[in-house]
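The values are calculated or read from the model by the stated rules, or taken from the named source; none is laboratory data. None of the values given here were measured: they were computed from a predicted structure. Reconstructed Cβ throughout: ideal geometry from the backbone, glycine too, with neighbour counts over all protein chains shown.
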């Protein structure tokens with residue numbers, strides 16, 4: 001099963017965004033997104049690519065479900 005994990009954008013450089021996922025930071029490709037994104041937005045990511053922009057509320061809900069299921073060490077959306 002594949003799971004997309006939410007991450008908060010902390011920096012953007014060209015077609016890549018640095019996201020925060022709990023205590024981890026990753027660069028992801030944002031070139032396939034149709035919607036414009038900015039620092040502070042949340043992205044649903046899979047491997048090293050952004051799949052979709054999501055709201056902070058959606059990110060929080062996904063992270064809570066994943067944490068409750070014991071699937072990740074990633075915690076908390078603002």
Of the residues that sit in the range 10-46 and are without any contact (Cβ under 8 Å) to a residue 40 or more places away in the chain and within 19 Å of residue 66 (Cβ to Cβ), which one is surrounded by the fewest Cβ atoms within 10 Å (Cβ to Cβ)? 25
The one condition in (1) over 10 Å from the mean Cα position of the chain (by Cα); (2) at pLDDT below 95 that residue 57 fails to fulfil: (2)
Go through the range 60-70 and count every residue that is at pLDDT below 85 and surrounded by 12 or more Cβ atoms within 10 Å (Cβ to Cβ). 2
